Amino acid sequence: MHTLLMLLQEPAADAVKTALNSNALLGAGIGMGLALIGAGLGIGRIGGQAVEAIARQPEASADIRGAMILTAALIEGATLAALVFALLFKLIK
Amino acid sequence: MIQAPDIGKMILDHTSDSHLIELPFGVEIHLPGPWYIPGTHIDVSLTKHVVYMMFAAVLVFLTIWYAGRQVEKRHREGKGPRGFGAAVEAMVLFVRDDVAIANIGHGGEKFVPLIETLFFFILYCNLLGLLPWGATPTGNLAVTGGLALIAFLVIEIAGFRALGPKGYLKTIVMVPAGMTGVGAVAMAVIMTPVELIGKIVKPFALCLRLFANMTAGHFVILSLLGLIFLFANWFIAAGTVAFVLFMMCLELLVAFLQAYIFALLTSVFIGLMQHEH
């Protein structure tokens, strides 16, 4: 009886571990998707407003292009930080 | 029965550091094993990324020096530069004028060598990963952490020397202009932790941005190539190779862009600390 209980506890502990791992994967996946939505919205807005600004004032296009690239890289930095932490979820045992 | 390939293991083997350098024709160089600083687990031995960093540094020195000599030789003959020297001169002048001096303001000439070195070293490290049998040193969190540490030290120490102790303290205990009395004290109490955290977070973001951009690109390319092994089908292989070619062109653009962004943000942060008024 005692050994039977011990045998039953083994798969339970395993199941908990697998559930934790798959929950971590689920969290990482959802996190990555949400981060990507944020990045797409942000960089899309920057691109759209930069193009509008260039259309309104073509002689300032060099300045606007520089500012657009800088801001896009900053937003990309935040997104990739989210992706790196999602990767961390996958790698934690 | 064909065993399914372990793509995750392949990706991690290709992008992470190791003590083994693989070269064409089956040549393998085994680097000396881990040398730990006595009493800690910090490994200071030569690894693949360290060797590639040294290689990138030697390459930067040789190519830029050669280009400089070419430009100088044609300058002595009274003609404009041509060829490789002209390309390097265009990039060096771009980094000096539009990145360093434009963002640091007057007194920026002192920092031009640092910004130039950061730009070209990071660029060469990024590009080395795109060659066959190459590795990306900047795809290693320790390497980008070291570069961000250098940027952090230069920003803070140069700011301290330019503003003096009192001025430097004003950048931490920050009070917006024109507030006095209780409002000023309240703002100072709120803004001081924010400013302190900002000082740490900005170089940390530099480090993380460069690392994640480089590693993400390689992960995508290696995952797509792993698809070929997973499906073992000629049509899928053809389509995948075309897509991987496009992704590698994007990687080329990202290599240049990330080097430029690192240099640009470092000079912006230095400039912010130099002129607080």
Considering only segment B:143-164, I want to know if a residue exists there that is under 30 Å from B:Phe25 (Cβ atoms), hydrophobic (A, V, I, L, M, F, W, C) and within 28 Å of the chain's Cα centre (by Cα).
yes
Could you count how many residues in segment B:66-88 are on the phi < 0 side of the Ramachandran plot and either part of a loop (DSSP other than H, G, I, E, B) or among the small types (Gly, Ala, Ser) (or both)?
10
Picked from segment B:223-259 (must be under 27 Å from the mean Cα position of the chain (by Cα) and among the polar types (S, T, N, Q)), the residue farthest from the other protein chains (Cβ to nearest Cβ) is B:Ser223
All but one of (1) out of contact with any Gly (no Cβ under 9 Å at 6 or more places or on another chain); (2) closer than 23 Å to B:Val268 by Cα hold for B:Ala100; state the number of the condition that does not hold.
(1)
Go over the candidates A:Ala50, A:Ala67 one by one and state the one that is assigned to a helix (DSSP H, G or I), surrounded by 13 or more Cβ atoms within 10 Å (Cβ to Cβ), among the aliphatic types (A, V, I, L, M) and out of contact with any Ser or Thr (no Cβ under 9 Å at 6 or more places or on another chain).
A:Ala67
B:Phe119 vs (1) surrounded by 19 or more Cβ atoms within 10 Å (Cβ to Cβ); (2) modelled with pLDDT under 90: all pass except (2)
Do you know which residues across segment B:196-215 are under 17 Å from B:Leu264 (Cβ atoms) and within 7 Å of chain A (Cβ to nearest Cβ)?
B:Ala205, B:Leu208, B:Arg209, B:Asn213
Within segment B:1-36, residues without any contact (Cβ under 8 Å) to a residue 12 or more places away in the chain and touching a strand residue (DSSP E or B) at 6+ places or on another chain (Cβ under 8 Å) come out as B:Glu28, B:Ile29, B:His30, B:Trp35, B:Tyr36
Could you tell me which residue of segment A:26-83 is farthest from the other protein chains (Cβ to nearest Cβ), considering only residues that are farther than 23 Å from B:Leu265 by Cα and among the small types (Gly, Ala, Ser)?
A:Ala55
Neighbours by Cβ (under 6 Å, 6+ apart or cross-chain): first from segment B:71-98, surrounded by 13 or more Cβ atoms within 10 Å (Cβ to Cβ); second outside any helix (DSSP H, G or I):
B:Val71/B:Pro81; B:Arg74/B:Pro81; B:Glu89/B:Pro81
Contacts under 7 angstrom Cβ, first residue in segment B:187-203 being more than 22 Å from B:Leu265 (Cα to Cα), partner assigned to a helix (DSSP H, G or I), 6 or more apart
B:Thr192/B:Ile172
In this structure, does B:Ile104 turn out to be modelled with pLDDT of 95 or more, β-branched (Val, Ile, Thr) and crowded, with 16+ Cβ neighbours inside 10 Å?
no
Return yes or no: is B:Gly146 under 21 Å from B:Gln274 (Cα atoms) and in a helix (DSSP H, G or I)?
no
Which listed residue is in contact with a His (Cβ under 9 Å, 6 or more places away or on another chain) and of a type outside the set (Val, Ile, Thr), from B:His30, B:His41:
B:His30
Output the number of the condition that A:Gly31 fails; it satisfies all remaining conditions of (1) surrounded by fewer than 13 Cβ atoms within 10 Å (Cβ to Cβ); (2) closer than 29 Å to B:Ile261 by Cα.
(1)
In this structure, is B:Asn140 in contact with a His (Cβ under 8 Å, 6 or more places away or on another chain) and within 30 Å of B:Ile270 (Cα to Cα)?
yes
Just to check your reading of the model, which residue among B:Trp35, B:Trp65 is more than 27 Å from B:Leu118 (Cα to Cα) and among the hydrophobic types (A, V, I, L, M, F, W, C)?
B:Trp35
Scanning segment B:20-41 for residues that are assigned to a loop (DSSP other than H, G, I, E, B) and aromatic (Phe, Trp, Tyr), the one nearest to B:Gly134 (Cα to Cα) turns out to be B:Phe25
Looking only at residues in segment B:204-217 that are touching a residue at least 24 places away in the same chain (Cβ under 8 Å) and in contact with a Gly (Cβ under 6 Å, 6 or more places away or on another chain), which one is surrounded by the most Cβ atoms within 10 Å (Cβ to Cβ)?
B:Met214
Does segment B:48-61 contain at least one residue that is in contact with a Leu (Cβ under 7 Å, 6 or more places away or on another chain), at pLDDT below 90, under 28 Å from B:Gly134 (Cα atoms) and of a type in the set (A, V, I, L, M, F, W, C)?
no
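The values are calculated or read from the model by the stated rules, or taken from the named source; none is laboratory data. If you're wondering where the values come from, they're calculated on a predicted model, not measured in any experiment. Cβ sites come from the backbone with ideal geometry, for glycine too, and all protein chains shown count toward neighbours.
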